Amino acid sequence: MPDDLRGIVYQAAKDATPHAGKWGEDMTRAAERDWAKVAAVHRLSAADTAEFRRRVAPIGDDILGKDPRTKGMYNLLKAAVAATRK
């Protein structure tokens, strides 16, 4: 792709990211409201969430991080998460 078009695509993606994030959050909240109508919705405490993440993090590394077909993209995604995590 020519550099000028690549720049346009990258800028469009950058501009769309906040909107897509809000859309995803809104969709998740709506789904949680719907789930609550038919079943209990349980939220983990901050400590339990941290413990859960600590325990499951190696799974992705073992499955996706060691597979030559997925390793590159997996590492890019991990870097993006690390750079943008609040």
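No lab work stands behind these numbers, since they all come straight from the coordinates. None of the values given here were measured: they were computed from a predicted structure. Please note: Cβ atoms are built from the backbone with ideal geometry, for glycine as well, and neighbour counts cover all protein chains shown.
Can you tell me which residues in region 49-71 are surrounded by 11 or more Cβ atoms within 10 Å (Cβ to Cβ) and either in a helix (DSSP H, G or I) or in contact with an Asp or Glu (Cβ under 9 Å, 6 or more places away or on another chain) (or both)? Across region 49-71, the qualifying residues are 49, 50, 51, 52, 57, 60, 61, 63, 71. Among residues of region 60-86 that are farther than 24 Å from residue 21 by Cβ, those with a Cβ under 6 angstrom from a residue that is among the aromatic types (Phe, Trp, Tyr) and surrounded by 10 or more Cβ atoms within 10 Å (Cβ to Cβ), sequence gap 6+ or separate chain, pair up as 65/74. For region 30-48, the set of residues classified as surrounded by 10 or more Cβ atoms within 10 Å (Cβ to Cβ) and under 20 Å from residue 85 (Cα atoms) consists of 44, 48, listed by residue number.
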